[in-house]
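Input: a single structure, listed below in structure tokens.
What follows draws every value from the coordinates through simple rules; no lab data is involved. Since the structure is predicted, the reported quantities are computational estimates derived from the model, not experimental observations. Please note: Cβ atoms are built from the backbone with ideal geometry, for glycine as well, and neighbour counts cover all protein chains shown.
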Amino acid sequence: MPTPQTEAAVDGLVEQAEELCTLHDHITRVIAALDVSEGPFSDQYGRASTTDFAFESVVRMFLYQHARGFNDSELHRRLKGTAYVFIRFELGRAPTQQAINYMWRRRFSLADRRAIKATARDIRAVAADHDIVSDGEPRLDPGEVSDAGVTDEHIMQAIRTARDRGLGAFETDRAANARYPDELFFERQAYLNLADVGTTTPRRRFDQLSDWNNTPHGDTHLRTMKQIAAPTEQMSLTDFADGERPRDWQRIREAILEPFHAGLECLLEEIDANDGLREPVIAAVDITHWEFYPSPYKDDDDVEPEDDVVIVNGKEKVPKDEFPEMVSGDKEGRSYKFATLTIIGQDTPIVLGIEPVREASTWEGDASQIESHTKADIVRRLLAQAQQHVEIHKLFADREFDAMEVRDVIDRHNITYLIPRPVYAADLDQIEKLEEHPLADVAVERAVPLSVDGRSHELSFMYVPSTEEDGKYAVFTTNRDVTPDQVMGLTAQYSHRWQIESEYKTIKHHFLPTTASTDYRVRLLYFVLGVVMYNVWRLTNLLLREAVSGSLGAKPPLRAGEVVELVGFCLVPPD
């Protein structure tokens with residue numbers, strides 16, 4: 001039975017929570033703000049010096065655990081995975097699951113454990129009444145981190161360093177006496193990318209965050225962004241090497257990628273200086289989509305008698321005259337497409353190369369008359385970009401790049417590739433033998449010749465259990481001569497490629513601004529700047545880890561969605 005003193009102390013904590021619920025928007029913030037020093041709990045260790053974790057912080061941690069209904073495993077995952085909850089509770093670092101269990105049993109008496117559970121249950125009920133209980137965790141404000149080793153100054157220094165490295169090479173080529181300096185436009189564009197808003201969004205919030213007395217109108221900002229991406233008017237004879245003037249999107253690509261790579265070199269120097277890169281690296285290529293929703297076809301009311309007609313699924317359609325040429329797709333969906341090459345594995349994940357993707361679409365008529373990219377062309381260009389900066393050891397790609405020409409391009413660069421391909425009829429005999437084997441669950445077909453344009457190399461076909469379908473097998477190809485014993489180790493590395501799936505979601509959800517523009521200068525520039533901000537986020541996290549002595553967990557200490565707030569703080573000079 002709890003004593004009257006214990007009941008009174010528990011009631012006092014619940015009353016605190018009731019008041020805090022009117023000030024905070026999440027149960028985690030409420031628990032972090034509790035004053036537990038007057039609580040009924042006493043540390044069974046007796047001496048604070050015997051532990052790395054302050055007792056009041058541990059009390060908050062267990063109130064959090066039981067208010068949220070987590071077991072020890074989930075509590076550890078939350079503390080370590082978000083990299084913020086332990087900071088809120090002033091723990092210094094995330095304790096291991098074993099440490100959590102040990103502290104619960106050794107630092108609290110049975111009566112205290114019961115009191116914590118009762119208090120947590122009542123706090124949850126109060127928070128539920130205020131509708132501030134949710135599955136996720138709230139954002140971390142810069143003011144919340146000073147007691148955990150990560151100070152405001154650490155954050156600001158990291159953000160400024162990363163921003164200056166990544167965006168410093170972009171220029172507008174405007175007159176020296178222009179009303180607004182280039183730095184203002186780049187700070188504002190960084191804000192637009194991070195806040196997922198458009199240039200027509202009211203300027204009030206940016207004005208509040210920044211230290212600029214005057215900021216440009218949205219139309220002025222958009223014109224300046226187009227100027228950054230505009231190719232030079234002066235062209236040389238080499239631009240006409242094939243007898244034709246380069247297409248505008250190709251020249252836009254050159255204008256934008258040059259400063260991107262100059263900034264990337266600065267980012268990589270900073271990463272290398274902080275031991276965040278070990279060459280040769282493992283990399284992956286993939287294609288991401290930036291959705292474009294307008295239809296490529298005219299409405300019936302807009303069709304003219306002289307309009308050209310294309311047949312789509314047996315029906316006559318009239319394409320729009322000015323539909324963006326870099327948008328591709330079908331009736332299921334259309335998008336601008338961009339290919340990237342990214343470092344994966346144990347190194348800091350940084351995007352090293354970006355390529356616009358031009359594909360023929362049904363609304364363009366005869367595909368043979370449309371200039372489009374092969375996957376081999378895309379990979380060749382990405383490798384040329386990436387190898388300006390780093391040495392690549394292995395390159396992973398998905399089935400979208402399953403082509404002999406792609407494998408040939410990678411092999412010409414003396415890079416090991418790992419590319420899956422569909423299971424064909426010719427594979428069934430090998431798979432059947434594997435299924436009948438009493439012990440083996442992998443097989444290799446070695447020294448298979450592959451010839452492209454008179455050049456040959458040997459590859460290995462690897463048959464391994466599928467990770468997508470039970471009882472099925474997947475087929476991978478590599479230009480390495482591998483034995484059956486090496487197969488599982490090599491194909492297991494392919495799982496690192498899924499990092500770029502997360503990367504694309506991060507870029508699209510956190511680092512792309514809202515825009516309805518069909519101007520390719522704007523689309524490509526915004527995507528490239530989104531990649532720059534993604535790289536900046538990655539560098540910022542690396543610098544933060546180096547700036548503090550405590551462990552910040554396995555995941556980035558700053559989530560992508562929170563960088564916008566920090567950039568906002570960064571735009572305001574310190575007092």
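Table for the structure above
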| quantity | calculated |
| --- | --- |
| Table column - 3J(HN,Hα) (Hz), the stretch 54-63, Karplus curve with 6.51, -1.76, 1.60, x for Gly and Pro | 4, 5, 4, 5, 5, 4, 4, 4, 6, 4 |
| Simple Cβ-charge dipole of the stretch 274-506, Lys/Arg +1 and Asp/Glu -1, about Cα centre, in debye nearest 20 | 1040 |
| Cβ-based charge dipole, the stretch 4-138, positive-most Cα from 125, 108, 96 | 96 |
| Gyration tensor (alpha-carbon) shape descriptor, the stretch 257-332, a/c threshold 1.5 | prolate |
| Out-of-range pairs (alpha-carbon distance over 18 Å; input 337/394; 433/472; 337/505) | 337/394 |
| Cα centroid of the stretch 277-329 to Cα centroid of the stretch 454-503, whole Å | 33 |
| Karplus-derived HN-Hα couplings along the stretch 517-529 (A = 6.51, B = -1.76, C = 1.60, θ = phi - 60°), whole Hz, x at Gly and Pro | 5, 9, 6, 5, 4, 6, 4, 5, 4, 5, 5, 4, 5 |
| Whether the stretch 4-138 is rounded, prolate or oblate, judged on the alpha carbon gyration tensor where a/c under 1.5 counts as rounded | oblate |
| DSSP-assigned coil residues among chymotrypsin sites (Phe, Trp or Tyr not before Pro) in the stretch 279-340, each with at most 11 further Cβ atoms within 10 Å | none |
| Relative packing of 432-444, 406-418, 480-492, 369-381, which averages over residues the other C-beta atoms within 10 Å, highest first | 406-418, 369-381, 480-492, 432-444 |
| Prolate/oblate/rounded call for the stretch 423-522, Cα gyration tensor, a/c under 1.5 rounded | prolate |
| Cβ-defined net charge surrounding residue 481, 13 Å radius [Lys, Arg +1; Asp, Glu -1] | -2 |
| Rounded FRET efficiency, nearest 0.05, which uses the C-beta distance separating residue 468 from residue 432 and R0 of 30 Å | 0.90 |
| Long-range HN-HN contacts of residue 298 with modeled amide H, under 5 Å | 318, 320 |
| Residues 537, 249, sorted so that the one with the fewest Cβ neighbours within 10 Å comes first | 249, 537 |
